[in-house]
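To keep things clear, I will list the structure first and then write my remarks on it.
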Amino acid sequence: MYMTPLLEIQDLKVSIDGSQILNGVSLQFEAGKVYAVLGPNASGKSTLAKAIMGLPEFNITSGDILYNGESILDDNITERANMGIAYAFQIPPAIPGVRFDDFICRICPEYQCKEPEGHFMGKACSCRMELYDDFERLGISNLAYRDLNEGFSGGEQKRSELFQVLAMQPQIMFLDEPDSGLDYDSLKLVGRELKSIREKGTTTMVVISHHRYILEFLEVDVVYILQGGRLVYTGDMEDIPVLAEKGYERFLSEMKEAA
């Protein structure tokens, strides 16, 4: 029995400042699965995710994006986020004057204080304490009282951005190189957090990455490889170590010969 994909991309063509980046990409994402979008530099991976998210500088010249079977081309980035689509930026912007923990409480009802004002006489309420416990899981407790992304290291930016996306509890999230700038210990923290989300099976994850470790941590269901703005290969988890050993050019050449 055919099941409507959570998100379906149909012959999508995208340009930036008049330059064509995606050249007719068609693929789909099913609910609760983990996808890896791979490919050489400038193959269109980040462009795909940002176009799906609705960033205005990415001009969709043809094709369609269906979410739960309905086109979302006319919906802006805020409307798509409210639908349950989330995107974690490679380099999230700093927001001076907005404290990190306050920001999370504003965007996520789960962490908004439910006790009467003054109940704790200046101490953090139970919801705020729960937030700090959750910060600890990603090793970002030290960022709680700092301005959002202001002066954060590369690794701190990545972990705080991931926390923000997870706090939104999206149906599908695009993680653009979530492992870049992370040392080994931070990589393990991020990998474990993503694995716990994967095991719940409630959120579709789309990971754009060049690193084998984070993908193996997640037990990827489907691998998509883009090249030259086109989808050139669809595979699974078993392809990742082979791809890491051979590189894109040799891997794709051998796959083409075997077809």
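Just in the range 186-259: which GluC sites (Glu not before Pro) are loop by DSSP and have at most 11 other Cβ atoms within 10 Å?
Values: sites: GLU193, GLU199, GLU216, GLU219, GLU238, GLU245, GLU249, GLU254, GLU257; in loops: GLU219, GLU238.
Passing sites in the range 186-259 are GLU219, GLU238.
Shape analysis of the range 1-104 based on the Cα gyration tensor places the equivalent ellipsoid semi-axes at 24, 19, 14 Å, largest first. Taking GLN171, GLN20, GLN227 as the candidate residues, the one with maximal mean-square fluctuation in a Gaussian network model of the chain, Cα springs under 10 Å, is GLN20. Close amide-amide hydrogen proximity is noted between TYR233 and ILE225, each under 5 Å apart and 5 or more residues distant or on a separate chain (H modeled in the peptide plane; Pro and chain starts excluded).
Near GLN28, the amide H atoms lying under 5 Å from its own belong to ILE9; only residues 5 or more places off or on other chains count, and H is placed 1.01 Å from N.
Arranged from highest to lowest average of other beta-carbon atoms within 10 Å per residue, in what order do the peptides 205-213, 47-55 appear? Can you show the working numbers first?
Working: 205-213: 19.3, 47-55: 21.8.
Answer by packing, highest mean first, reads 47-55, 205-213.
Computed from backbone phi, the HN-Hα couplings of the range 75-83 come to 8, 7, 4, 5, 5, 5, 5, 5, 6 Hz, rounded to whole numbers (Karplus: 6.51 cos²θ - 1.76 cosθ + 1.60, θ = phi - 60°; Gly and Pro given as x). Please check which bits of the range 98-113 a label hung off THR78 would reach, taking the label as a point 7 Å along Cα-to-C-beta and the cut-off as backbone N under 15 Å. The answer is 107, whose backbone nitrogens lie closer than 15 Å to the label point.
Fewest to most neighbouring Cβ within 10 Å: what's the order for MET173, MET237?
Numbers: MET173 24, MET237 16.
Ranked by crowding around the Cβ, least crowded first: MET237, MET173.
Start at zero, step by 5 Å, and the Cα-Cα distances of the range 198-259 spread as 3, 15, 29, 26, 15, 8, 4, 1 percent across the bins. Over the range 1-60, all Cα pairs binned in 10 Å intervals from 0 give whole-percent P(r) values of 20, 52, 23, 5, 0, listed from short to long. Gain on full extension, evaluated as 0.36 nm per residue between GLU136 and ASP64 minus their Cα-Cα distance, stands at 21.9 nm. The coefficient of translational diffusion for the range 139-220, derived via Stokes-Einstein from the alpha carbon Kirkwood radius under 25 °C and 0.890 mPa s, stands at 187 µm²/s.
In this simple spin-label approximation, MET168 and MET237 carry label points 7 Å from Cα along the Cα→Cβ vector, and these lie 2.7 nm apart. Helix 154-167 and the longest principal axis of the C-alpha atoms of the chain enclose an angle of approximately 80°. Amide H contacts for LYS33 (H built 1.01 Å from N in the peptide plane; partners 5 or more residues away or on another chain; cut-off under 5 Å): MET205. For the range 243-248, the Karplus equation 6.51 cos²θ - 1.76 cosθ + 1.60, evaluated at θ = phi - 60°, returns couplings of 5, 5, 6, 9, x, 5 Hz by residue, with Gly and Pro reported as x.
Estimated from helical segments only, the mean residue ellipticity of the chain at 222 nm is -11000 deg cm²/dmol, where each DSSP H run of four or more residues counts as -39500 (n - 2.57).
Computed over the Cα atoms of the chain, pair by distinct pair, the Kirkwood hydrodynamic radius stands at 19.5 angstrom.
Computed from the coordinates by the stated procedures, all read-outs in this text should not be read as laboratory data. What you see is a predicted model; the values in this text were computed from it and never measured. Positions of Cβ are backbone-derived with ideal geometry, glycine not excepted, and every protein chain shown enters the neighbour counts.
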